[in-house]
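**Student:** Please see the structure below; I have some questions.
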Amino acid sequence: MKKVLSIALIILLVGALFVSCGKKEEAAKVVTPAAPAAPAPAAPAAPAAVTPAPAPAAPAPVATADKVVFRIANGAEPESLDPHQIQGVPEHRIFETIFEGLIIYDHETAEGIPGLASSWTVSDDGTQYTFTLRDAVWSDGVKITAQTVVDSWLRGLNPATASPYAWFPAMFLKGAEAYNSGSAGPEAVGIRALDEKTFQMDLLGPLPYAIGALGHYSFGVVPIHAIEKFGSEWILPKNFVGNGPYVLSEWAPQSHIKAVKNQKYWDAANVKLDEVIFYPIDDNNTAYNMYLNGEVDWLTNVPLDQLEAASLRRDYHRAPQLATYYYVFQTEKSPFDDVRVRKALSMAFDRQALVDQVTRGGQIPAWGIVPEMAGYPSLGEPKMDVAAARKLLAEAGYPNGVGFPKTSILYNTHEAHKAIAEFLQQEWKNNLNITIELENQEWATYLSSRNAGDFQVARAGWVGDYQDPNTFLDMFITGAGMNGGRYSNEIYDILIKEAATMGGADRLEVLLTAEDIFINEDQGVMPIYYYTTDNLVDTTKWGGWYANTMDYHPTKDIYRK
């Protein structure tokens, strides 16, 4: 069994570390990562869990009048294109196509590499980063400076912006939480422009994941001059200004989003596609048929009923993913304000049967919220115990399910989410004698309902924003924007916030203890499984696409072989 530090010991340890923190050393270690190499043909990455047999080839790449177009079945219609107003995976794929922050992600490893920043230095205590910016301009030719970065980050943190992800930089950027909460002004935030090409940030602690986190859209650099001119309409194609490898040219809601090569991008010579088109398709079977018919080049999710056939194709790629599928309880409302009810539901269904019979994509049953990663074990094996679940439900006042209030599961429109909800609906009826209704909503409406806490039980999924356990835990502190279930535990909050000031193995022990409280004591959410990815893309025709645990595939690096 993994070691878990006592809460008292951790608080004493963290307090001691906090008090003993001395003045930052002036000397800095220089980090000058190598620039990413230009795309070159390479052997496709082998799927981690599947050995596909030869099958008919995927559709040929589209080339119209020598234009190379890459088409993506992107899931739901994006709720916005504003980096400070988005919060989903479909939006992230578009973000990294038309914007670029200080850091971008390597297409093979998903590690953070230089983007708008060409290099950086780190203070000896690991709390101050100084970035050197490239000579870069917006798509309209306006220069991007260090002050542009400052103004962009402050916009995302400004309470008036109401960014759903403002809590993320606020978790580790000095002064950011105070500004975002309204208790301090923008001058409190630990960011500054030292000159036109030098940007500096101060962290709360020596966080090892800082560089990886900066590739996230909450740290997006936005065209303040265009926003001031056009207001909320700055994201319309006629007004759009971006700094990514491609620039928005068309946006027809529920039809497509088109981005064309940005000739003013600093690395335009290594951008090999002429156009990228995103199709918002909620129905997986429709998207699958479009792929088979040659209408899209990358299918990001294979329908459940087609997985067996798809897995035999040479263009099918399955890989483990740093992501967790879970259900959220509305902990402020009866009956889910009672931890006994939450635990009863979590113990009363068979996770292994769900992944074997329903999802069938090699997913791993989950008990903890954090997938296993280097130096951090998963919380433990799933605990199915129907007898114990019935006892807990009876203790909560619902013997044999009698009197259990009308309850519904909220999920966004998608055949896999529906199938999972139906499985749980039946399991809970059979094992606890409670009746559950199902409610589906379109993506944007669902996100709004979940963030507002307007649900009883809601499906959720979380793909790590960076490769560290903290990315699965910090969003559940009291008041965090993504904490739609309104989970709140003062000790949990202390542990997560203090971990943000720490480095080394002690930090991981603190996070392990926090997760133990969150799941084993409080059942703050109900983990169901750890994801795998199921993609269809022909890597014998398209280069630069590699399976990785973050499922990041920057369009900048994709090219036709």
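The values are calculated or read from the model by the stated rules, or taken from the named source; none is laboratory data. In this text, all values refer to a predicted model and were calculated from it rather than measured experimentally. Glycine also receives a Cβ, built like all others from the backbone with ideal geometry; neighbour counts cover every protein chain displayed.
**Student:** Among the candidates Glu295, Glu332, Glu275, Glu308, single out the residue that is assigned by TED's automatic domain parsing to the domain that holds Ile477, in contact with a Lys or Arg (Cβ under 8 Å, 6 or more places away or on another chain) and not hydroxyl-bearing (Ser, Thr, Tyr).
**Tutor:** On the way: Glu295 fails: assigned by TED's automatic domain parsing to the domain that holds Ile477; Glu275 fails: assigned by TED's automatic domain parsing to the domain that holds Ile477; Glu308 fails: assigned by TED's automatic domain parsing to the domain that holds Ile477.
That would be Glu332, the only listed residue that is assigned by TED's automatic domain parsing to the domain that holds Ile477, in contact with a Lys or Arg (Cβ under 8 Å, 6 or more places away or on another chain) and not hydroxyl-bearing (Ser, Thr, Tyr).
**Student:** Turning to a different aspect of this structure: Out of contact with any strand residue (DSSP E or B) (no Cβ under 6 Å at 6 or more places or on another chain), under 23 Å from Thr407 (Cβ atoms) and either outside any loop (DSSP other than H, G, I, E, B) or assigned by TED's automatic domain parsing to the domain that holds Met373 (or both): is that true of Arg486 in this structure?
**Tutor:** Details: out of contact with any strand residue (DSSP E or B) (no Cβ under 6 Å at 6 or more places or on another chain): yes; under 23 Å from Thr407 (Cβ atoms): yes; either outside any loop (DSSP other than H, G, I, E, B) or assigned by TED's automatic domain parsing to the domain that holds Met373 (or both): yes.
Taking the combined requirement at face value, the residue satisfies it.
**Student:** Which one of these is under 18 Å from Ile420 (Cβ atoms), surrounded by 21 or more Cβ atoms within 10 Å (Cβ to Cβ) and at pLDDT 95 or above: Val341, Val328? Spell out the reasoning first.
**Tutor:** Values: Val341 fails: under 18 Å from Ile420 (Cβ atoms).
The unique qualifying residue is Val328.
**Student:** Then there is this: Mind counting the residues in region 238-257 that are of a type in the set (D, E, K, R) and either surrounded by 19 or more Cβ atoms within 10 Å (Cβ to Cβ) or over 26 Å from the mean Cα position of the chain (by Cα) (or both)?
**Tutor:** Step one: filter region 238-257 for residues of a type in the set (D, E, K, R), giving 238, 250.
In the following step, the residues that additionally are either surrounded by 19 or more Cβ atoms within 10 Å (Cβ to Cβ) or over 26 Å from the mean Cα position of the chain (by Cα) (or both) were identified as 238.
Matching residues across region 238-257 total 1.
**Student:** Now a separate question. Identify, from the list Ile494, Ile558, the residue that is in contact with a helix residue (DSSP H, G or I) (Cβ under 9 Å, 6 or more places away or on another chain) and of a type in the set (Val, Ile, Thr). Let's see the steps before the verdict.
**Tutor:** On the way: Ile558 fails: in contact with a helix residue (DSSP H, G or I) (Cβ under 9 Å, 6 or more places away or on another chain).
Result: Ile494 is the single residue among Ile494, Ile558 that is in contact with a helix residue (DSSP H, G or I) (Cβ under 9 Å, 6 or more places away or on another chain) and of a type in the set (Val, Ile, Thr).
**Student:** For region 173-190, how many residues meet the condition of being closer than 21 Å to Tyr466 by Cα and not in a loop (DSSP other than H, G, I, E, B)? Lay out the reasoning, then the answer.
**Tutor:** Within region 173-190, the subset closer than 21 Å to Tyr466 by Cα is 173-174, 176-177.
Of the ones still in play, those that are also not in a loop (DSSP other than H, G, I, E, B) are 173, 176-177.
The number of residues fulfilling the criteria is 3.
**Student:** A further question follows. State the number of residues belonging to region 276-313 that are among the polar types (S, T, N, Q) and under 22 Å from the mean Cα position of the chain (by Cα). Walk me through how you get there before you give the answer.
**Tutor:** Within region 276-313, the first condition is being among the polar types (S, T, N, Q), and the residues that meet it are 284-286, 289, 293, 300-301, 306, 311.
Still in the list and also under 22 Å from the mean Cα position of the chain (by Cα): 284, 300-301.
Number satisfying all stated conditions: 3.
**Student:** Given the options Leu273, Leu207, name the one that is at pLDDT below 95 and either surrounded by 16 or more Cβ atoms within 10 Å (Cβ to Cβ) or over 22 Å from the mean Cα position of the chain (by Cα) (or both). Steps first, answer last, please.
**Tutor:** On the way: Leu273 fails: at pLDDT below 95.
Step by step, each of Leu273, Leu207 is checked, and only Leu207 is at pLDDT below 95 and either surrounded by 16 or more Cβ atoms within 10 Å (Cβ to Cβ) or over 22 Å from the mean Cα position of the chain (by Cα) (or both).
**Student:** Collect the residues in region 143-173 that are within 18 Å of Ala480 (Cβ to Cβ), at pLDDT 95 or above and in contact with a strand residue (DSSP E or B) (Cβ under 9 Å, 6 or more places away or on another chain), keeping them in residue-number order.
**Tutor:** Scanning region 143-173 gives Leu157, Leu173.
**Student:** How about region 271-286: which of its residues are of a type in the set (Ser, Thr, Tyr) and either in contact with a Gly (Cβ under 8 Å, 6 or more places away or on another chain) or farther than 15 Å from Arg93 by Cβ (or both)? Spell out how you get there, then give the answer.
**Tutor:** Within region 271-286, the first condition is being of a type in the set (Ser, Thr, Tyr), and the residues that meet it are 279, 286.
Across region 271-286, the qualifying residue is only Thr286.
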